[in-house]
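Below: one structure, written as structure tokens.
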Amino acid sequence: MEFSVLVVDDEKNIREGLGKALELDNYNVLLAPDGSKALEIINTSDVDLVITDLKMPGLSGQELLKQVASAYPTVPVIILTGHGTIETAVEAMRDGAFDFLTKPVNLDRLSLLAKRALANRKLVLEHRALKEEVEKIARRQKFANIIGKSPEMKKVLEIVEQVAPTKASVLVTGESGVGKELVADAIHNLSDRKERPFIKVHCAALAETLLESELFGHEKGAFTGAVATKRGRFELANGGTIFLDEIGEINQQVQIKILRVLQDKKFERVGGEQTIEVDVRVISATNRDLKKEIAEGRFREDLFYRLNVVNITVPPLRERREDIGLLVAAFLREFSEENGKNILGIDPKAKSAIYGYSWPGNIRELRNCIESAVVLAKGSSITLMDLPPSVASETEGDYIRINLGSTLAEAEKEIIRGTLNFEKGNKSKTAEVLGIGRKTLHRKIQEYHLVEE
């Protein structure tokens, strides 16, 4: 990425000398003799960094700083000042200057400050691009709360869109924290029942003795404490959808009653004799292997087939790493607004740790990680020190983590990704380290969808 640096100074020799020094660092250099000309250039060209003298005839450097900070708040400004005006330079820092340099300018110091300022600028631009992509995806797709562009998530969303208008029962499977409830939300919201009730039941959160009553209701006096008749969740969901989360946790007695509702659309309240008919679409979810539960006698096979008319498996985050950047951008925006912070992005070391971590807790863990980092961040970007130790420690040592049970293709993908990261995206060096041709590497990058990373 080539950056454009604007040097503003009314003294020609200083202006051109600084320009030549910056060109040696491979920047595209623009020159302006005063503040007014500088504003013209900024308004008509892409400028990534402004280096301006403080004292100039006409529009001063201080006034230029204020106008740039107001109109282009993400463009850093470095102030040049004489020894007698350092107090004014400090005041300029309060007005938003990135830093200041005293004349005569130390060129090594100038080079270092420019690199730091432009590194911040790069973070801002990358983060802005991700935010825009998140917003674009949200506008384009019908699944506002599901963030993802990876092939794995596109496949999930295609099934959701296909099954939503039907009456079929859906079983959503996947590890804890992958977003199964969001998939259930999307199915209901895209169905013709979207204006009808959507009742959610987290089965594992209810005691076994209460679950039957919660699902099917009870009559007054049915048990100690039943002081009034109560309608259950199936009754409340009549005409709409019920979502049974963690369905693998329910006992055999409740399984039989759910099976009857699915088969006959009928049930009785606990302690009741009246048969109640309902029209309810059932979506269930589990992180358990229900076939194993069936084999071990804990889950009814006939209920499984009734629930599993359509199966949607949500992939773990480690299998859809292309989505990490989008998810991070969305969480950064959410928690920055929530905590009144202006977080502009994530520095390279922290980003490397986030992409390199295996995320056993999936999206839920990533969300908690970003919330914690935003709260702990002292500056305008997330650093390695702001991340939880379990995530930050993934960067220690030059190694690539491959989980046991990975396929050869998954291992190859991780090796290529890790080597690319280590070589900072240099494909020639990556191909050389891996002992493969550049064309082969390019094909593998496309095959494993690593181009976005």
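The values are calculated or read from the model by the stated rules, or taken from the named source; none is laboratory data. Predicted model, so just to flag it, every value in this text is computed and none were measured. Using ideal geometry, Cβ is built from the backbone for each residue, glycine included, and neighbour counts are taken over all protein chains shown.
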Only residues that are crowded, with 20+ Cβ neighbours inside 10 Å and aliphatic (A, V, I, L, M): list them for segment 212-252, please. Leu215, Ala237, Ile242, Leu244, Ile247, Ile250
Any residue at all in segment 298-306 that's over 26 Å from Val160 (Cα atoms), free of Cβ contacts under 8 Å to residues at least 40 places away in the same chain and of a type in the set (Ser, Thr, Tyr)? no
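Being out of contact with any helix residue (DSSP H, G or I) (no Cβ under 8 Å at 6 or more places or on another chain) and surrounded by 15 or more Cβ atoms within 10 Å (Cβ to Cβ) is the filter here, so list the residues in segment 265-280 that pass it. First the steps, then the outcome.
Initially, segment 265-280 is screened for residues out of contact with any helix residue (DSSP H, G or I) (no Cβ under 8 Å at 6 or more places or on another chain), giving 265, 271-275, 277, 279.
Once the filter is applied, which keeps residues that are out of contact with any helix residue (DSSP H, G or I) (no Cβ under 8 Å at 6 or more places or on another chain) and surrounded by 15 or more Cβ atoms within 10 Å (Cβ to Cβ), segment 265-280 yields Gly271, Gly272.
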Residues in segment 26-38: is at least one of a type in the set (Phe, Trp, Tyr) and free of Cβ contacts under 8 Å to residues at least 60 places away in the same chain? no
Any hit, segment 265-279, residues being over 30 Å from Val227 (Cα atoms) and at pLDDT 90 or above: no
Could you tell me which of the residues Leu307, Leu366 is touching a Phe, Trp or Tyr at 6+ places or on another chain (Cβ under 9 Å) and at pLDDT 95 or above? Leu366
Mind checking which pairs have a first residue in segment 200-228 that is over 26 Å from His188 (Cα atoms) and a second that is among the polar types (S, T, N, Q), Cβ under 6 Å, 6 or more apart or different chains? Glu208/Asn251; Glu219/Thr229; Lys220/Thr229
In segment 437-451, residue farthest from the chain's Cα centre (by Cα) [restricted to those that are loosely packed, with under 15 Cβ neighbours inside 10 Å and outside any helix (DSSP H, G or I)]: Gly437
Among the numbered criteria (1) surrounded by 21 or more Cβ atoms within 10 Å (Cβ to Cβ); (2) in contact (Cβ under 8 Å) with a residue 60 or more places away in the chain; (3) farther than 27 Å from Leu182 by Cβ, which single criterion is violated by Ile416? (2)
Please give the helices (runs of 4 or more DSSP H) falling wholly within segment 1-115 in which 3 or more residues are under 32 Å from the mean Cα position of the chain (by Cα). 61-71
Single residue of Leu332, Leu327 found to be in a helix (DSSP H, G or I) and either touching a Leu at 6+ places or on another chain (Cβ under 7 Å) or at pLDDT 95 or above (or both): Leu327
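Is it the case that Glu132 is more than 27 Å from Glu249 (Cβ to Cβ), at pLDDT below 85 and in contact with a strand residue (DSSP E or B) (Cβ under 8 Å, 6 or more places away or on another chain)?
Working: more than 27 Å from Glu249 (Cβ to Cβ): yes; at pLDDT below 85: yes; in contact with a strand residue (DSSP E or B) (Cβ under 8 Å, 6 or more places away or on another chain): no.
So Glu132 fails the test.
In the list Val178, Val156, Val160, which residue meets the criterion of being part of a loop (DSSP other than H, G, I, E, B) and not charged (D, E, K, R)? Even if it seems obvious, please write down each step before you answer.
Numbers: Val156 fails: part of a loop (DSSP other than H, G, I, E, B); Val160 fails: part of a loop (DSSP other than H, G, I, E, B).
The match here is Val178.
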Regarding Val47, is this residue at pLDDT 90 or above, hydrophobic (A, V, I, L, M, F, W, C) and out of contact with any Pro (no Cβ under 9 Å at 6 or more places or on another chain)? yes
